[in-house]
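Notes follow once the structure below has been shown.
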Amino acid sequence: MGRMGEINRSRLVIMDANLTQEAAACLADHSRVPLFADPVSVAKAARLKSCLHGITCIKPNVREAEVLTGIAIANDGDLHRAASALHEMGVKLVFISLGARGAYFDGCGERGILPCFPGETVNTTGCGDAFLAAAAYGYLTGRKIDEMARMGLAAASLCAASDGAVREDLTLALVERKMLGGIKL
């Protein structure tokens with residue numbers, strides 16, 4: 001609780017399930033700013049189950065969504081059921097990454113699946129982080145959920161074309177060019 005004053009002066013907080021369950025619960029219970037979360041892995045996703053009431057946005061992959069909701073996801077209808085379960089637990093915006101298929105988005109009365117941007121995949125480490133960071137930026141700039149998902153997919157695509165987990169030249173301008181189709185990677 002010692003840093004909650006600083007945290008609550010932020011415009012948005014991003015956390016992941018590398019935190020202890022206690023630290024994640026403290027953020028969920030005491031944050032007065034939007035809280036975005038990434039479950040990180042199937043093994044760690046359960047750490048966020050008791051925190052969902054305080055999370056504004058979550059970005060699990062399919063298996064992590066299954067852990068969080070207890071719903072087996074085998075088709076698009078199951079994606080909607082899992083997102084609905086997350087909404088019932090308090091999450092407002094849901095992005096479920098679908099790997100090479102793209103991403104499912106659900107929130108604010110809108111839902112759908114957007115495909116990945118075309119491009120070379122060299123490394124997928126860091127793609128989820130890039131997705132969530134770009135989606136958070138979209139949220140902060142007032143974009144609709146489908147546009148947040150497009151920004152996330154563009155950032156993830158750019159990250160996937162890089163050797164490292166962090167693409168050194170990743171900028172908003174590069175993400176926007178990717179979204180416009182101006183970059184072939």
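The values are calculated or read from the model by the stated rules, or taken from the named source; none is laboratory data. Quick caveat, the model's predicted, so the values are computed rather than measured. We place every Cβ from the backbone using ideal geometry, glycine too, and count neighbours over all the protein chains shown. Protein only, heavy atoms only, side chains kept; ligands, DNA and RNA dropped before computing areas. Shrake-Rupley method; radii C 1.70, N 1.55, O 1.52, S 1.80 Å.
Criterion first (closer than 19 Å to GLY181 by Cβ, open to solvent by 60 Å² or more (accessible area, probe 1.4 Å) and out of contact with any strand residue (DSSP E or B) (no Cβ under 9 Å at 6 or more places or on another chain)) does ARG150 satisfy it?
On the way: closer than 19 Å to GLY181 by Cβ: yes; open to solvent by 60 Å² or more (accessible area, probe 1.4 Å): yes; out of contact with any strand residue (DSSP E or B) (no Cβ under 9 Å at 6 or more places or on another chain): no.
In short, no.
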Next on the checklist: Quick test for you: out of ALA161, ALA173, pick the one residue that is farther than 29 Å from ARG81 by Cβ and open to solvent by 50 Å² or more (accessible area, probe 1.4 Å).
Outcome noted: ALA173
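In the stretch 29-50, what residues are among the small types (Gly, Ala, Ser), outside any helix (DSSP H, G or I) and under 30 Å from GLY5 (Cβ atoms)? Lay out the reasoning, then the answer.
Within the stretch 29-50, the subset among the small types (Gly, Ala, Ser) is 31, 37, 41, 43, 45-46, 50.
Pick out the ones that are also outside any helix (DSSP H, G or I) and you get 31, 37, 41.
Within the stretch 29-50, SER31, ALA37 meet the criteria.
Matching residues to (1) within 13 Å of LEU93 (Cβ to Cβ); (2) modelled with pLDDT under 90; (3) among the hydrophobic types (A, V, I, L, M, F, W, C):
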residue: THR125; (1), (2), (3): no, yes, no
residue: PHE131; (1), (2), (3): yes, no, yes
residue: ALA136; (1), (2), (3): yes, no, yes
residue: TYR139; (1), (2), (3): yes, no, no
residue: ARG143; (1), (2), (3): yes, no, no
residue: MET148; (1), (2), (3): yes, no, yes
residue: ALA154; (1), (2), (3): no, no, yes
residue: ALA161; (1), (2), (3): no, yes, yes
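Table: residues versus (1) polar (S, T, N, Q); (2) touching a helix residue (DSSP H, G or I) at 6+ places or on another chain (Cβ under 6 Å).
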position: HIS80; (1), (2): no, no
position: GLY99; (1), (2): no, no
position: CYS108; (1), (2): no, yes
position: THR121; (1), (2): yes, yes
position: PHE131; (1), (2): no, yes
Checklist entry - Of the residues that sit in the stretch 1-50 and are surrounded by 14 or more Cβ atoms within 10 Å (Cβ to Cβ) and charged (D, E, K, R), which one is nearest to GLY138 (Cα to Cα)? => result ASP38
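Would you call ILE7 in contact with a Leu (Cβ under 8 Å, 6 or more places away or on another chain) and farther than 25 Å from CYS108 by Cα?
Answer is yes for this residue.
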Next on the checklist: Checking the conditions here, which among ARG177, ARG167 is farther than 21 Å from ALA45 by Cβ and assigned to a helix (DSSP H, G or I)?
Outcome noted: ARG177
Next on the checklist: Every residue in the stretch 89-136 that is under 10 Å from the mean Cα position of the chain (by Cα) and of a type in the set (D, E, K, R), please.
Outcome noted: ASP129
